[in-house]
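All of the numbers you see were taken from the coordinates with simple rules; none came from a lab. Everything quoted here is computed from the prediction, not taken from an experiment. Quick reminder, even Gly has a Cβ in these numbers, built from the backbone with ideal geometry, and neighbours come from all protein chains shown.
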Amino acid sequence: MTQRLILIRHGDLGDRCRGRYIGRTDAPLSAEGRRQAAALAGPLARLLNGTSLLVSPLRRTRETAERALGRGANFAVDSDLREIDFGRWEGMGFAEILAADRAAIDRWAALVEDFAFPDGESIGNFRKRIAAAAGRIAADPAGTVVAVTHGGVIRFLICHFLGLPDRAHLLFDVQPASISEIRIDGGKGVLTLLNERRHLEIC
């Protein structure tokens, strides 16, 4: 059973994506993102023996994993670890969305169970697949699981394991190429590290 979950957010996507909602869009890492991913190699090198490696199917997470772990790294792709699908809001900034659909923004902010992004994914479906991924992670026979995924997924996984309401995901800052850690016991977790980025300062 898993006792330690290491959560890695993918590297930077560059100015074209900064301040915009990027979910299903299969954006590559920027030059800075590739540097950040390579800087993860040091911290992750100490975690690989007897570890399960899980990666979201999107390009930015696979590229982060390959650069951090090496192209020959053996990792499993878990589709439930992909970022939420923002539908028609993909690639838009908050001000644009607010101007176009204030009512929908209010329903999103309230985390209404049946809220779905226009032509995208519902909050309820996102919550269900995060819970499904969390269940598989907790039951993994490896003592440590490393998951390379997305900011929204990491925040919701933290809430799941800590038993916090979904709204609490807004309290956690999860920056590109950061490392967070949860200690797990009996499916419940304690957050022991959040948004660690010191590895980026020495690369």
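Overview of values
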item	result
Computed helical MRE - 222 nm, the chain, DSSP H runs ≥ 4 contributing -39500 (n - 2.57), nearest 500	-10000 deg cm²/dmol
Packing rank of 134-146, 3-15, 32-44, 90-102, where each peptide gets the mean count of other beta carbons within 10 Å, highest leading	3-15, 32-44, 134-146, 90-102
D (Stokes-Einstein, µm²/s), Kirkwood Cα radius, the range 1-108, 0.692 mPa s at 37 °C	213
Cβ-based net charge around Arg71, under 14 Å, with every Lys or Arg adding one and every Asp or Glu removing one	+1
Over the chain: Kirkwood hydrodynamic radius from C-alpha pairwise inverse distances, Å	17.2
Charge sum, other residues only, whose C-beta stays under 12 Å from Gly33's C-beta, Lys/Arg counted +1 and Asp/Glu -1	+4
Net length gained if the chain between Asp26 and Ala142 were fully extended (0.36 nm per residue, minus Cα distance)	38.8 nm
Summed residue charge, Cβ within 15 Å of Asn195's Cβ, Lys/Arg positive, Asp/Glu negative	-1
Positive dipole terminus of the range 58-124, leading residue within Phe94, Pro118, Ala76 (C-beta point charges)	Ala76
Whole-angstrom gap from the range 85-120 to the range 129-155, using each part's C-alpha centre	26
Contour excess over end-to-end distance, with Cα ends at Arg102 and Glu66 and 0.36 nm allotted per residue	9.0 nm
